[in-house]
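The block underneath contains the structure these notes are about, expressed in structure tokens.
The values are calculated or read from the model by the stated rules, or taken from the named source; none is laboratory data. On a predicted model such as this, the values are computed, not experimentally measured, just so you know. As a convention, Cβ positions derive from the backbone with ideal geometry for all residues, glycine included, and neighbour counts pool all protein chains shown.
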Amino acid sequence: MNTSQSQRIGIVTSGTEKLADYFPTTAEPDFVPTEPPFTPDDQLLVDELRQRGHLVSAVVWGVETSRLAEQFDRLIIRSPWDYMDSDEQRQGFLRWLEQLATTKLVVENEPQVMLWLMDKRYLFDFAAVGVPIVPTQLISIGESFDLETFVEQHAAAVINPAVSAAGAGLEFLPDRQGARAFQSEFADRCQRGAQLVQPFLPEIQTNGEWSLVYFGGEYSHGIHKLPASGQIMVHAERGGSLRFADPPAVVRELGDLAAAAVPRAFAHRDGRPCRMPLYLRIDVIETAAGGLLSECEGVEPELFFRARPGSAAQFARFIESGAT
């Protein structure tokens, strides 16, 4: 497509009512939606694209895909934040992505890459191609696992469903008593879906977590998040704080390594490489042993365009050029 021509761009989001779960936050009480269902972060991109002459509309995921192919030249999956609200929602979103993959519509990120990144077992694919990850043990569906023994070995643990978003289902086990109390529920979870068990990294409470944003594989900007006092979750909607800053060298090096490794990590799972995603958010925890990858988000991460002036324009240029 001629990049000088106006494109019909759909920005995929969730229903307006979902925005109330995220905005405003104590960290940014004035950062609220002005044109829902666009998130206030996505609004910065929408405004930039419109200034460049593109026709931009919100698309609430789940719309009949054949209609979308007629209405748009390109879909940018951005904030479908309600897809994890229930098993039914999640399955519906998976089916919708699979249906999008059968159309001729340009979708960013690629549906197959998003389907891969929706299951945190992708961490093992990164580890297989040389990216240091938070130590992780996989408990597959139907397997049993003794949490108390694990906590005895590691002092504390964090439990995550393999498929989750925004911290949904995360459980912190601070000691053996907590592990013993959670064992029964954990066993039930393991009958419903794979679980990830990780040793708790105390650095999350002191160093927090860095989120590094990449467009077309190129670093754009960083966000430093800290949990509230005595907490472990860094999400702003859960009381965490954030600041906009470039990360220390050890974190940046790990972020660059992880971003560049995405096509190879995807190939480790799928058997074929993918092209570099239009956008990624690489989440890194800085530890005494160096940076560790905690998540690679390419489905619905907030991209914090407000963190760096010009980042929305940079993203728009990648959309126009297709240089992903």
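Taking into account only those residues within region 300-324 that are assigned to a helix (DSSP H, G or I) and among the basic types (Lys, Arg), which is nearest to residue 11 (Cα to Cα)?
Within region 300-324, the subset assigned to a helix (DSSP H, G or I) is 305-307, 311-321.
Right, trim to among the basic types (Lys, Arg) and you get 306, 317.
Values: 306: 18, 317: 16 Å.
Selected residue: 317.
Can you confirm whether residue 270 is closer than 18 Å to residue 311 by Cα and not assigned by TED's automatic domain parsing to the domain that holds residue 313? Considered against the rule, which asks whether it is closer than 18 Å to residue 311 by Cα and not assigned by TED's automatic domain parsing to the domain that holds residue 313, residue 270 comes out as no.
Criterion applied to 144, 140, 164, 79 was being of a type outside the set (Lys, Arg) and either over 20 Å from residue 198 (Cβ atoms) or crowded, with 21+ Cβ neighbours inside 10 Å (or both), and the one residue passing it is 79.
For region 45-59, the count of residues that are touching a Gly at 6+ places or on another chain (Cβ under 9 Å), at pLDDT 95 or above, over 15 Å from residue 317 (Cβ atoms) and of a type in the set (S, T, N, Q) is nonzero. Among the residues of region 27-40, is there at least one that is surrounded by 15 or more Cβ atoms within 10 Å (Cβ to Cβ), within 25 Å of residue 71 (Cα to Cα) and touching a residue at least 60 places away in the same chain (Cβ under 8 Å)? So far as region 27-40 goes, yes, one or more of its residues are surrounded by 15 or more Cβ atoms within 10 Å (Cβ to Cβ), within 25 Å of residue 71 (Cα to Cα) and touching a residue at least 60 places away in the same chain (Cβ under 8 Å).
Restricting region 209-239 to residues that are under 17 Å from the mean Cα position of the chain (by Cα) and part of a loop (DSSP other than H, G, I, E, B) leaves a set whose member that is surrounded by the most Cβ atoms within 10 Å (Cβ to Cβ) is 234.
Residue under question is residue 112, and the condition is that it be within 27 Å of residue 230 (Cα to Cα) and either surrounded by fewer than 19 Cβ atoms within 10 Å (Cβ to Cβ) or in the same structural domain as residue 256 (by TED's automatic domain parsing) (or both); does it hold? Before the answer, list the steps.
Numbers: within 27 Å of residue 230 (Cα to Cα): no; either surrounded by fewer than 19 Cβ atoms within 10 Å (Cβ to Cβ) or in the same structural domain as residue 256 (by TED's automatic domain parsing) (or both): yes.
Against the criterion (within 27 Å of residue 230 (Cα to Cα) and either surrounded by fewer than 19 Cβ atoms within 10 Å (Cβ to Cβ) or in the same structural domain as residue 256 (by TED's automatic domain parsing) (or both)), residue 112 does not qualify.
Of everything in region 200-223 that's out of contact with any helix residue (DSSP H, G or I) (no Cβ under 6 Å at 6 or more places or on another chain) and among the aliphatic types (A, V, I, L, M), which residue is nearest to residue 259 (Cα to Cα)? Once the filter is applied, the top-ranked residue is 213. Quick check: anything in region 311-323 closer than 17 Å to residue 111 by Cβ, more than 17 Å from the chain's Cα centre (by Cα) and surrounded by fewer than 22 Cβ atoms within 10 Å (Cβ to Cβ)? Within region 311-323, one or more residues are closer than 17 Å to residue 111 by Cβ, more than 17 Å from the chain's Cα centre (by Cα) and surrounded by fewer than 22 Cβ atoms within 10 Å (Cβ to Cβ).
Of the residues in region 14-44, how many are part of a helix (DSSP H, G or I), aliphatic (A, V, I, L, M) and more than 18 Å from the chain's Cα centre (by Cα)?
Step one: of region 14-44, the residues part of a helix (DSSP H, G or I) are 16-21, 40-44.
Next cut, aliphatic (A, V, I, L, M) only: 19-20, 44.
Now restrict to residues that are more than 18 Å from the chain's Cα centre (by Cα): 20, 44.
The number of residues fulfilling the criteria is 2.
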